[in-house]
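Quick notes on the structure that follows.
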Amino acid sequence: MQKTYHGSCHCGAVRFACEIDLAKGTSKCNCSACGKYRFWKAIVLAPSFRLEQGQEALADYQFGSHTIHHRFCKHCGAKPFGHANVQELGGEFYAVNLACLDDVTAEELAAAPVQFEDGRHDHWDRAPAVTSHL
Ligand SMILES: [Zn+2]
């Protein structure tokens with residue numbers, strides 16, 4: 001069921017809201033960035049995401065192909081979301097860090113299906129051999 005969730009960074013400078021249907025799936029990737037962030041995400045298209053506060057607190061980190069803007073709070077370091085514009089993924093989208101949602105329940109997170117992506121080997125369409133550590 002699609003629901004509105006509210007999220008924030010750790011210090012609260014950055015606040016956002018988004019519509020997510022957790023039953024449609026979440027994902028974890030083993031790429032060099034997601035592995036270090038332990039990033040567990042849900043993808044939402046731009047119209048379903050609103051930054052409510054903290055544009056000035058958001059730093060932008062990019063690497064590799066510079067496709068994705070990895071946004072993080074310059075005060076507390078939390079990474080509430082990334083965003084990019086990739087036509088194959090439906091255009092402008094946000095990768096929301098589920099760990100930064102403030103009003104999701106543990107039960108909702110535990111019930112959300114997780115798809116694993118082998119980003120470390122550029123195979124986002126399949127799971128890596130080992131996933132239990134992600
Ligand atoms: Zn912060």
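The values are calculated or read from the model by the stated rules, or taken from the named source; none is laboratory data. Since we're looking at a predicted model, the values are computed, not measured. With ideal geometry, Cβ positions are generated from the backbone for all residues, glycine too; neighbour counts draw on all protein chains shown. Surface areas here come from the heavy atoms of the whole protein model, side chains and all, with no ligands, DNA or RNA. Shrake-Rupley method; radii C 1.70, N 1.55, O 1.52, S 1.80 Å.
Starting from 0.36 nm per residue, how many nanometres of slack lie between Glu19 and Lys36 once their C-alpha separation is accounted for?
Working: separation 17, 0.36 × 17 = 6.12 nm, distance 2.61 nm.
Value of the extension gain: 3.5 nm.
In whole percent, what relative contact order does the range 3-118 give with Cα contacts below 8 Å and a gap of six or more residues?
Numbers: 238 pairs, mean separation 39.2, N = 116.
It rounds to 34 percent for the range 3-118.
Using only the Cα atoms of the range 1-79, build the gyration tensor, take square roots of its eigenvalues as a ≥ b ≥ c, and label the shape rounded, prolate or oblate: rounded if a/c is under 1.5, else prolate if a/b is larger than b/c, else oblate.
Details: a/c = 1.72, a/b = 1.09, b/c = 1.58.
Verdict is oblate for the range 1-79.
Using θ = phi - 60° and the Karplus relation 6.51 cos²θ - 1.76 cosθ + 1.60, list the HN-Hα couplings for the range 70-75 in order, rounded to whole Hz, with x at every Gly or Pro.
Working through the residues one at a time gives 8, 8, 9, 6, 6, 8 Hz.
Helix-only estimate, please: 222 nm mean residue ellipticity of the chain, summing -39500 (n - 2.57) across DSSP H runs of length 4 or more and dividing by its residues, to the nearest 500.
-2000 deg cm²/dmol
Can you pull the percent of the range 3-118's accessible area that's carbon plus sulfur, 1.4 Å probe, other chains left in place? Display every interim value, and only then the final one.
Working: 3060 of 5880 Å².
Ligands and nucleic acids excluded, carbon and sulfur reach 52 percent.
Grab the beta carbon distance between Leu109 and His66, set R0 = 22 Å, and tell me the FRET efficiency rounded to 0.05. It would help to have the intermediate numbers written out before the result.
Working: r = 31 Å, r/R0 = 1.39.
Efficiency computed from Cβ-Cβ geometry: 0.10.
Please count, across the chain, the pairs of lysine residues with Cα atoms under 17 Å apart that sit 8 or more places apart or on different chains. Working shown, then result.
On the way: Lys3/Lys24; Lys3/Lys41; Lys24/Lys41; Lys28/Lys36; Lys28/Lys41; Lys28/Lys79; Lys36/Lys79; Lys41/Lys79.
The result is 8.
Please sort by residue number the chymotrypsin sites (Phe, Trp or Tyr not before Pro) in the range 28-134 whose DSSP state is loop and whose Cβ has at most 14 other Cβ atoms within 10 Å.
Working: sites: Tyr37, Phe39, Trp40, Phe49, Tyr61, Phe63, Phe72, Phe81, Phe93, Tyr94, Phe116, Trp124; in loops: Phe39, Phe63, Trp124.
Here the chymotrypsin sites (Phe, Trp or Tyr not before Pro) that fit, given the DSSP loop and packing criteria, are Phe63, Trp124.
What is the Cα centroid distance between the range 1-51 and the range 62-126, reported in whole angstrom?
6 Å
For the range 1-53, which trypsin sites (Lys or Arg not before Pro) are in a loop by DSSP, counting at most 13 other Cβ atoms within 10 Å? It would help to have the intermediate numbers written out before the result.
On the way: sites: Lys3, Arg15, Lys24, Lys28, Lys36, Arg38, Lys41, Arg50; in loops: Arg38.
Counting only loop positions with at most 13 other Cβ atoms within 10 Å, the trypsin sites (Lys or Arg not before Pro) in the range 1-53 are Arg38.
Mean projection of the alpha-carbon convex hull of the chain over all orientations, in nm²? Each step should come with its number before you reach the end.
Numbers: hull surface 31.5 nm².
So the Cα hull casts an average projection of 7.9 nm².
Averaged per residue, what accessible area in Å² does the range 29-134 show with a 1.4 Å probe, protein chains only? Intermediate values should be presented prior to the final figure.
Numbers: 6220 Å² over 106 residues.
On a per-residue basis, 59 Å².
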